[in-house]
Amino acid sequence: MTDTRWLDAEEQRAWRAYLDATRLMIRAFDQQLQTDAEVSFTDYELLVKLSEAPGRRLRMRDLADATMSTRSGVTRAVTRLEQLGWVRRVECEDDRRGTHAELTPAGLAKLAAAAPGHVTAVREHLFDQLTPAQVDHLAEAFGQVADALQRPRAGGAQPEPDSRGDGHARRISAARAG
């Protein structure tokens, strides 16, 4: 049996600050999106992932993986978004048992309308609070953490890192232009 490596005071302070800031930001982003765009943060994230996907569609299981949600949670969310006309289900051509979620033109328009307010909130609640050096440190530190968590572990593979980069911003700009 190994000994537990307890967090020291500085690690504990950093851990608690991270948790508090993350929870507060997610709540602020959800409130902003609900108030300004009548969309939840969770649904916004699904629309973003679909907007970044080739053909603006993802297999349901891949959408669940991309949003780190359960398959049943994504199924419920896609049903809700489908009722709003923002997403539609499309049968997989290569596997009749599978289903894709596809962003509709109305969903893309909703995302394009919601994005400016969301980006403003992200800037206000996160980036305006940091110096450029702190932004670099944040990107480096959490990039390293994400890479470590996405590496396959013994006993099972984990998803590959997202390599789409700034595709979301490009697609939102394209939606506004088109």
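Values in this text are rule-based calculations from the coordinates and carry no lab data. Model, not experiment: these values are computed from the prediction. Every residue, glycine as well, gets a Cβ built from its backbone with ideal geometry; the counts of neighbours run over all protein chains shown.
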Skipping prolines and chain starts, which residues have an amide H placed within reach, meaning under 5 Å, of the one on V87, given they are 5 or more residues away or on another chain?
E82, T104
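Can you give the FRET efficiency for D8 and D128, using 1/(1 + (r/R0)^6), R0 = 22 Å, r = Cβ-Cβ distance, to the nearest 0.05? Display every interim value, and only then the final one.
Working: r = 31 Å, r/R0 = 1.39.
That pair, D8 with D128, gives E of 0.10.
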Which ³J(HN,Hα) values in Hz, rounded to whole numbers, follow from the phi angles of the range 76-83 under the Karplus curve 6.51 cos²θ - 1.76 cosθ + 1.60, where θ = phi - 60° and Gly and Pro get x?
5, 5, 5, 4, 4, 5, 5, 5
Any idea which of V78, L47, T4 is furthest toward the positive side of the dipole for the range 2-96, if Lys and Arg beta-carbons carry +1 and Asp and Glu beta-carbons -1?
V78
Estimated inter-spin distance, T35 and E140, nm [label 7 Å along Cα→Cβ]:
3.6
Go through 97-105, 15-23 and give me the packing order, highest mean Cβ count within 10 Å leading.
97-105, 15-23
Rank by packing, highest mean first: peptides 109-118, 143-152, with packing defined as the count of other Cβ atoms within 10 Å averaged across residues.
109-118, 143-152
Potential extension, A28-C92 segment - 0.36 nm per residue separation minus Cα distance
19.4 nm
